[in-house]
Structure formats: structure tokens, C-alpha cells
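Engineer: Got a structure for you, questions after.
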Amino acid sequence: MTARVRAGAALAALALVLALVAAAQAQTYPSRPVRIIVPTVAGGTVDVITRLVAADLSARLGATFFVDNRSGAGNTIGSREAARSEPDGATLLMSSASGQVISPLVYRSVDYDPVASFAPIGLVAEGSIILVVNPALPFRSVADLVAHAKANPGRLDYGSAGTGTVPHLAAELFKAAAGVDIVHIPYRGGALSIADVIAGNAQMTFEASSPLLAHIRAGKLRALAVLSASRIADLPEVPTAAESGYPALVVTTWTGLFAPAGTDPAIVGRLNAALNDGLRSSELTSALARVGNVPLGGPPQALAQMLAAEQAKWAPVVRALHLKADQ
């Protein structure tokens, strides 16, 4: 019994030492540059927001936070790389419903679990989805677009950020609601889809407000509807999908910051605190507003709850639309 007591005491002492070391490391975190993987191309919604957050975290935590774009396969390539990274706080993931919810439902194998492979850090921001067309087209309203699409089935193309992304599903919901046949062109990210609509290689896209607003203001794209529950302050003249005759078509975007599963909870807590401090600041709030987003924030559990709610929302949609993609 004495030997067992001594062994138990030794293990308890070791556990205490390890806990103290971990706590000390968390207090000095980050001691080196931190990579934030963005699973989309540069210029897309998640990328734009991540660059704003990375700059804010760099200033608050005294170390460089930088963006590493790893796009493709409906956001799953970057998510997979983040999931396989060392859980030491040196690699994080900024993602959305596309990579963390929808693509795992659409792709045959993503090689990561959208919940078990990650430690949630916090919700970041929420924005609107906007239906835009090339301004050279004669469509001035959703009704104009639908009438043309019905008269010319299969003749209109829409670009998306990739199969299994929120913009893709938003378009598929629109197709089902309006009863139109429009052709999907998947890209490796929203910025590429937007560029092709501007160039006239695709006629339309559904995309988040962040990368669209500047092009809409410059007249390079024409907004026909916002898919939020109400009109947005940036485009007060643009009606909602509900006002355009499609009340069930309500889709918004969100971004969240994750770490690989197994990351020290103290590091997660330090990141969450810094993230929330930034989201409460007028500087970051204003910067997000300029790209059509509002800050969210909250504890890590809020992001976990968002994931669960989004999975419950999108899973039946994916099944109903019979969406599957090879990978």
C-alpha cells in the first residue's frame, strides 16, 4: 500500500507540474507567428474577415497572426489541413458553414470530423447573401430574372464559391423556389466566381456581402435581392428575397475561429478573450461594417451551438436536393 501511495503521490505531483507548465505556456502564448488557415481563395468573404481579425489579434497579443489561403473542394482542403496540424496554437482555422457544415454533408470523404477535429474558439461575424447579376443584362428585379430563366431554360449560368458552399445551396434553394433551370459553375472560391460574373463569363451569383459591396457600389455588379430577413443598411434600396416573392429564401453567412482538437483550453481561452475584446472595439466593428458584417463574439460554446444548429438546418436541404460531389 505504501508503494501505491507513493506512486499515486508522484503521479499527482507530475500532473500538477504539467498543469503549471501548461498554464505558464498559455500565459506567454503566442511566442511565435500564428497561421490562420482560410479554406477559400484570397478576396472571398472568409478571407476578408480573417485579415481584419488577424490584424486585430496581432496588435492585442503582440505576435504576428497571418493568413494562409488553402482553397478547394468546397473549403474542405484547408479544413483538413487545419485538423491535421499540431494542437499547439500555432495553426488556427477561420471557417464558415460551407467548410464546417455543408461540405462534410456533400463530399464523399473529407477526412476530418467537423466537430470532433476542432476546438471552437469563438464566433466572429455575420453577413448577408446577395443575388447579383452582370449589369449589362436587362434584369432589374428578381421577377425579370425568373421570367427570362423560365423562357430560356438552361441558358443562364450562375457561379458559386464551390460545390457544397453556402452560395451554392442558396442558389439551389432559389432554383427550387422559383422553379427555374439555371446551370451551376463551381469555382475554387467566391472571389473567382465574382470576377467571372463581372467579366460576363457567368451571368449571376449568390455571394456574401463582404466581397460584393465594393463592386456593387462601383456599378460592376447589380444587386437584385438580399437573402436576409430584412433589408441591409449598405443597400437600403435592394429588396429582400421575401419582398421579391420568395419568403422562405432566407440565408445568411457566419464566420468562426477554430483550433485543432486537443489545443490547450488555456490557449483557447486566451484567444477567445482577445477575439471578443476586438469585436467589442469600435475599430474592428467599423471595419466589419464596411464589408457588410456585424460582430458576433461570445464563448467557445456559442460557436459549438451554432455548428449544431447549422447542421440541423442544412442536412435536410442537402438530402432534399440530392447534392453529392466527388473528391
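The values are calculated or read from the model by the stated rules, or taken from the named source; none is laboratory data. Keep in mind it's a predicted model, so treat the numbers as computed, not measured. Glycine gets a Cβ as well: all are built from the backbone with ideal geometry, and neighbour counts include every protein chain shown.
Engineer: Scan region 192-218 residue by residue and report those that are buried (at least 21 other Cβ atoms within 10 Å of the Cβ) and farther than 11 Å from SER160 by Cβ.
Structural biologist: The answer is GLN203, ALA208, SER209, SER210, PRO211, LEU212, LEU213.
Engineer: Right, something else. Quick check: anything in region 238-256 farther than 26 Å from GLU310 by Cα and not basic (Lys, Arg)?
Structural biologist: Filtering region 238-256 down to residues farther than 26 Å from GLU310 by Cα leaves 238.
Filter once more, so that each one left must be not basic (Lys, Arg): 238.
Yes, because at least one residue in region 238-256 is farther than 26 Å from GLU310 by Cα and not basic (Lys, Arg).
Engineer: Considering each of THR263, THR285 in turn, give the residue that is assigned by TED's automatic domain parsing to the domain that holds ASP88, among the β-branched types (Val, Ile, Thr) and surrounded by 22 or more Cβ atoms within 10 Å (Cβ to Cβ). If you could, list the steps in order and put the result at the bottom.
Structural biologist: Numbers: THR285 fails: surrounded by 22 or more Cβ atoms within 10 Å (Cβ to Cβ).
It is THR263.
Engineer: Same structure, new question: Which of the residues spanning region 90-103 are surrounded by 24 or more Cβ atoms within 10 Å (Cβ to Cβ) and either small (Gly, Ala, Ser) or closer than 25 Å to HIS168 by Cα (or both)?
Structural biologist: So in region 90-103, the residues surrounded by 24 or more Cβ atoms within 10 Å (Cβ to Cβ) come out as 92-103.
Matches in region 90-103: LEU93, MET94, SER95, SER96, ALA97, SER98, GLY99, GLN100, VAL101, ILE102, SER103.
Engineer: Could you tell me which of the residues ALA149, ALA83, ALA119, ALA170 is closer than 15 Å to TRP254 by Cβ, crowded, with 17+ Cβ neighbours inside 10 Å and touching a residue at least 24 places away in the same chain (Cβ under 8 Å)? Spell out how you get there, then give the answer.
Structural biologist: Details: ALA149 fails: closer than 15 Å to TRP254 by Cβ; ALA83 fails: closer than 15 Å to TRP254 by Cβ; ALA119 fails: closer than 15 Å to TRP254 by Cβ.
Only one candidate qualifies: ALA170.
Engineer: Here are ALA214, ALA208: which of them is within 21 Å of ASN75 (Cα to Cα) and of a type in the set (Gly, Ala, Ser)?
Structural biologist: Numbers: ALA214 fails: within 21 Å of ASN75 (Cα to Cα).
Answer to the check: ALA208.
Engineer: Tell me which residues, restricted to region 246-300, are within 16 Å of the chain's Cα centre (by Cα) and among the hydroxyl-bearing types (Ser, Thr, Tyr).
Structural biologist: Answer for region 246-300, where residues must be within 16 Å of the chain's Cα centre (by Cα) and among the hydroxyl-bearing types (Ser, Thr, Tyr): THR252, THR253, THR255.
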